[in-house]
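Novice: The structure under discussion is supplied below as structure tokens; questions concerning it will follow.
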């Protein structure tokens, strides 16, 4: 029985944060809910129900990727750095091998290195959210984070195009 109000409250919070709640009572309910969730971080000089975050904003930060996936990718980057010289030497040995046996030995040694030491296994991820899809190499951000930063004017030289 106690679960139903909590689910309703969570649904109201999600609606408001995603910009779908249009009615004033819903926004007030969410403001109260957010106020209780964020342990009283009230904007100075405002009513008790007013909150430090803007629930009307369209450009709230997107969901973060799983921390475990981001950390796993960082471990892969460390392995790539650790084995880079050895991998390069083995690749060169494979390329310049005089006999078939030498090439096979070098390929076997390369195959025994950890899989995650291969640079192909490192995923490009957004620097802000860790999102692996929609990555823009030039900025190091996902398309969503890039749009938010560009519209807010935080990326130098990027303007919204119109013609």
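The values are calculated or read from the model by the stated rules, or taken from the named source; none is laboratory data. These figures come from a predicted structure and were not determined experimentally. Positions of Cβ are generated from backbone atoms using ideal geometry, with glycine treated the same way; all protein chains shown enter the neighbour counts.
Novice: In region 120-142, how many residues are in a helix (DSSP H, G or I) and surrounded by fewer than 14 Cβ atoms within 10 Å (Cβ to Cβ)?
Specialist: Of region 120-142, the ones in a helix (DSSP H, G or I) are 120-121.
Now drop any that are not surrounded by fewer than 14 Cβ atoms within 10 Å (Cβ to Cβ), which leaves 120.
Residues that pass the stated criteria total 1.
Novice: Still on this structure: Picking from 65, 52, 78, which residue would you name as being surrounded by 11 or more Cβ atoms within 10 Å (Cβ to Cβ), under 25 Å from residue 132 (Cβ atoms), at pLDDT below 85 and out of contact with any helix residue (DSSP H, G or I) (no Cβ under 8 Å at 6 or more places or on another chain)? Please lay out each step first, then the result.
Specialist: Numbers: 52 fails: under 25 Å from residue 132 (Cβ atoms); 78 fails: at pLDDT below 85.
Exactly one of 65, 52, 78 is surrounded by 11 or more Cβ atoms within 10 Å (Cβ to Cβ), under 25 Å from residue 132 (Cβ atoms), at pLDDT below 85 and out of contact with any helix residue (DSSP H, G or I) (no Cβ under 8 Å at 6 or more places or on another chain), namely 65.
Novice: Hey, does region 108-119 have a residue that's closer than 26 Å to residue 143 by Cα and assigned to a helix (DSSP H, G or I)? Before you say what the answer is, go through the steps one by one.
Specialist: Residues of region 108-119 that are closer than 26 Å to residue 143 by Cα, as a first pass: 119.
Now restrict to residues that are assigned to a helix (DSSP H, G or I): 119.
Scanning region 108-119, I find at least one residue that is closer than 26 Å to residue 143 by Cα and assigned to a helix (DSSP H, G or I), so the answer is yes.
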